[in-house]
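Computed from the coordinates by the stated procedures, all read-outs in this text should not be read as laboratory data. Predicted, not measured: the structure shown is a model, and the values here were computed from it. Here the Cβ positions follow ideal geometry from the backbone for every residue, glycine too, while neighbour counts run over all protein chains shown.
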Amino acid sequence: MKKQSVLRGYWGWAILLVVLAFTLSSCGHSSSKSSSCSSGRVKCGSVCCSTGQTCVDGACEFPYNSAILYIYFCPNFYTEGCSSGSMLINGTCYSFTAAPATCNSTGYTVYGSTAYSFQNCPSSNCTSCSAPFNFTTPEGFAEPYYYAGSWRCNTDCNAPSECP
């Protein structure tokens, strides 16, 4: 009588399981949670885009490469003796009158990854301007506007975290 190996039947099942596991993994099925992105981020190929970016043709991109600059002026801006008649942005004079307690559109277009210097000026000809408020924009923009921060006269105020 010929002896049969008990393991022979198990080898068939083992090979089937290995083939099945390989097939499922090559079809994109995975039990790993690494394929999801954190809140506010989208999956783009094998990476998670930064917050505000979208996936375009397999690459993460911001929807806007430029935006209109907004600055909030504190409510006490005029009552503390300050005024606004123009602004200097990177050395160029623009006519501008700020509305206090409001997100003010400067009408000025800013671009991604660029350094800017903003100065408020009381006169319309950009003389006797304030100390500069310097900022650098992010690499791109999720919205068509960019809020650089708040402007005060003498006393700080509770500026909004978002503007407009």
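Summary of computed values
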item: Distance in nm between pseudo-label sites at residue 83 and residue 61 (7 Å out along the Cβ direction from Cα); result: 4.7
item: Cα centroid of the range 45-84 to Cα centroid of the range 125-164, whole Å; result: 11
item: Average Cα contact separation per residue, the range 65-121, under 8 Å, 6 or more apart, as relative contact order %; result: 50
item: Evaluated at q = 0.18, 0.22, 0.26, 0.27 Å⁻¹: base-10 log I(q)/I(0), Debye formula over Cα of the range 115-164; result: -0.76, -1.01, -1.14, -1.16
item: P(r) tail fraction, the range 66-151 - alpha-carbon pairs more than 22 Å apart, %; result: 21
item: Shape call, the range 41-94: gyration tensor on alpha carbons, a/c limit 1.5; result: prolate
item: Gain on full stretching of the segment that runs from residue 124 to residue 101 - 0.36 nm per residue minus C-alpha separation; result: 6.2 nm
